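Read the structure below first, then the notes.
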Amino acid sequence: MAQAKKNPVGDSAVTMEDLAKIAGVSTITVSRALRDSPLVTENTREKIRKIAAEQGYRFNISARNLRMRRSYSVAVVVEMTPVKGRPMSDPYPLELLGGITQELTTAGYSVVLTSKQLLDTAPVQGADGLILLGQGSHGEAVKALQQTTLPLVVWGAPEDGATYTVVGSDNRKGGASVAERFLEQGRRKLIFVGDVDHAEVQERCAGFIDALSNRATVHILRPKAFTFEAGFDCVTSLLKKKSGHSIDGLFAASDLLAMGAIRALTEAGLRVPDDISVIGYDDTPGAASFVPPLTSVHQYLRDGGVLLAKKMLAMIEGERVQSETLPTTLIVRHT
């Protein structure tokens with residue numbers, strides 16, 4: 001085997017291109033192999049590592065990044081204030097993060113988890129791009145991240161005139177599926193529970209109301225939080241009014257809101273689903289084990305995370321990407 005010249009100082013003059021020629025593979029394969037990427041078979045990785053050792057090559061990540069003008073990192077900004085009733089261990093955002101991390105690490109990128117309050121920190125400023133989980137009330141989080149001028153992909157709902165790429169669930173279809181379920185059940189006096197200042201929630205509410213086509217009345221409750229307590233409190237307040245006991249269907253913008261609403265309804269002597277049907281959103285693991293098991297709109301969050309990462313990687317490579325919407329499925333249980 002031909003031997004390439006070694007640098008006696010220790011910082012090898014052998015390049016990845018040299019290793020690729022010796023191994024009979026592409027330069028990108030050498031790069032992936034030296035980073036232990038699962039995209040390269042173990043046999044090929046071992047072969048390339050052996051050649052690199054024989055040639056005295058050292059994989060200098062800092063030099064590679066400087067040469068490529070990349071950090072090979074992506075900052076994931078979670079627009080969610082953790083509170084007692086809705087911790088960061090909630091399926092949202094963990095399922096999205098799982099899909100994002102899987103895709104980015106496979107491609108050789110590291111993930112920097114942060115919040116919009118830390119946009120000025122070095123790890124975020126030095127990232128190759130940003131993924132935002134949640135647009136924020138009135139899109140405030142999106143506006144903050146757009147000021148960085150970094151490539152940006154957002155989990156949420158597309159908005160008119162938006163110039164950023166969005167990946168999200170079909171929230172209108174999700175809301176419409178709830179309306180169709182209530183109409184099938186003969187429910188006509190309905191409540192929607194959720195903060196419609198958030199684009200995703202607004203879409204769920206709009207799809208719900210549009211699908212009803214004036215065949216039912218809808219009253220909107222707007223708690224600012226997405227917690228069990230928020231659902232309980234706003235429905236309890238409604239039930240103190242005489243009109244509150246006439247409702248026969250409730251659609252909540254999250255499962256936690258729905259669960260809190262059910263507690264308020266049962267404490268008021270109403271039976272779920274006999275007196276009032278309740279449907280949540282997200283189909284979290286707790287929905288199936290709740291008593292009674294909660295009917296909910298399922299979001300494919302892990303698939304969404306993978307798609308967010310794929311679009312970010314394409315943007316970093318200079319490719320044009322488009323917004324994309326994932327389906328939703330109404331999971332019917334007992335409520």
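The values are calculated or read from the model by the stated rules, or taken from the named source; none is laboratory data. In this text, all values refer to a predicted model and were calculated from it rather than measured experimentally. Because the Cβ atoms are built from the backbone with ideal geometry, glycine has one as well, and the counts that use them run over all protein chains shown. The area values use the complete protein model at the heavy-atom level, side chains included, leaving out ligands, DNA and RNA. Shrake-Rupley method; radii C 1.70, N 1.55, O 1.52, S 1.80 Å.
Considering region 147-165 alone, what residues qualify as being part of a loop (DSSP other than H, G, I, E, B) and buried (at least 21 other Cβ atoms within 10 Å of the Cβ)? PRO151, GLY156, ALA157 - these are the residues of region 147-165 that are part of a loop (DSSP other than H, G, I, E, B) and buried (at least 21 other Cβ atoms within 10 Å of the Cβ). Figure legend. Inter-residue proximity from region 298-325: first residues open to solvent by 70 Å² or more (accessible area, probe 1.4 Å), second residues part of a loop (DSSP other than H, G, I, E, B) and acidic (Asp, Glu), beta-carbon distance below 6 Å, spacing 6+ or different chains. Indicated pairs: THR325/ASP170.
Restricting region 326-335 to residues that are part of a loop (DSSP other than H, G, I, E, B) and open to solvent by 30 Å² or more (accessible area, probe 1.4 Å) leaves a set whose member that is farthest from LEU239 (Cα to Cα) is PRO327. Quick check, is SER246 modelled with pLDDT under 95 and of a type in the set (S, T, N, Q)? Yes: the conditions hold for SER246. Of all residues in region 166-189 being assigned to a strand (DSSP E or B) and in contact with a helix residue (DSSP H, G or I) (Cβ under 6 Å, 6 or more places away or on another chain), which is most open to solvent (accessible area, probe 1.4 Å)? Checking each candidate, the answer is LYS189. Restricting region 193-232 to residues that are of a type in the set (Lys, Arg) and within 20 Å of ALA261 (Cα to Cα) leaves a set whose member that is surrounded by the fewest Cβ atoms within 10 Å (Cβ to Cβ) is LYS224. Of all residues in region 233-262 being of a type in the set (S, T, N, Q) and open to solvent by 50 Å² or more (accessible area, probe 1.4 Å), which is nearest to ALA287 (Cα to Cα)? It comes out as SER237. In summary, PHE232 fulfils each of the numbered conditions (1) of a type in the set (Phe, Trp, Tyr); (2) in contact with a strand residue (DSSP E or B) (Cβ under 8 Å, 6 or more places away or on another chain); (3) assigned to a helix (DSSP H, G or I) with the single exception of condition (2). For region 143-163, the set of residues classified as within 17 Å of VAL124 (Cβ to Cβ) and over 14 Å from the mean Cα position of the chain (by Cα) consists of LYS143, ALA144, LEU145, GLN146, GLN147, THR148, THR149, LEU150, PRO151, listed by residue number. The single condition among (1) open to solvent by 30 Å² or more (accessible area, probe 1.4 Å); (2) part of a strand (DSSP E or B) that VAL278 does not satisfy is (1). The condition (being open to solvent by less than 10 Å² (accessible area, probe 1.4 Å) and either over 30 Å from THR165 (Cβ atoms) or part of a helix (DSSP H, G or I) (or both)) is satisfied by just one residue among LEU265, LEU270: LEU265. For region 248-258, the count of residues that are on the phi < 0 side of the Ramachandran plot, in contact (Cβ under 8 Å) with a residue 24 or more places away in the chain and of a type in the set (D, E, K, R) is at least one. Here THR295 meets the list (1) crowded, with 17+ Cβ neighbours inside 10 Å; (2) at pLDDT below 95 almost entirely, failing just condition (2). Restricting region 137-146 to residues that are touching an Asp or Glu at 6+ places or on another chain (Cβ under 6 Å) and closer than 18 Å to ALA206 by Cα, the residue that is surrounded by the fewest Cβ atoms within 10 Å (Cβ to Cβ) is HIS138.
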